[in-house]
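First up is the structure itself, then whatever we jot down about it.
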Amino acid sequence: MSSVDTIWDELVSSGSIYRVCIHINTNRVEVACIGMGCVDYGSPRYYDMEELPEWVVGRIAVLSLCDTVPPTPSIEGVGRRIDETTFWIER
């Protein structure tokens, strides 16, 4: 198991929401854990798009179909698209 997999396993166990921001110009993804279960998570972490777990990529794909005009809809069990490059993802 890679260190990236271990980090994601820690995130998932916290039962929190994840703010995912895609930086188009660098193909990097910023992931910040939001919630009480994130106290030990620390600062946002950065990943290459290819390093993201399949469940995160799947949720981004679903949310990418949503409109970015506020108020944006929340999809139960998936999350919410905030703008063109920012998503809140649930697990």
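Once both labels are positioned 7 Å from their Cα atoms along Cα-to-Cβ, the gap between THR26 and LEU65 label points is 3.1 nm. Residue by residue, the stretch 62-71 carries 3J(HN,Hα) couplings of 5, 5, 5, 7, 7, 5, 9, 7, x, x Hz when phi is fed to the Karplus relation 6.51 cos²θ - 1.76 cosθ + 1.60 (θ = phi - 60°); x denotes Gly or Pro.
The residues VAL62, VAL29, when put in order of fewest to most other Cβ atoms within 10 Å, stand as VAL62, VAL29.
Rounded to the nearest 0.05, the FRET efficiency derived from the C-beta distance between SER43 and ILE75 at R0 = 30 Å is 0.65.
Since every read-out is calculated from the coordinates, none of them should be taken as a lab result. Keep in mind the model is a prediction, meaning the values are calculated, not measured. As a convention, Cβ positions derive from the backbone with ideal geometry for all residues, glycine included, and neighbour counts pool all protein chains shown.
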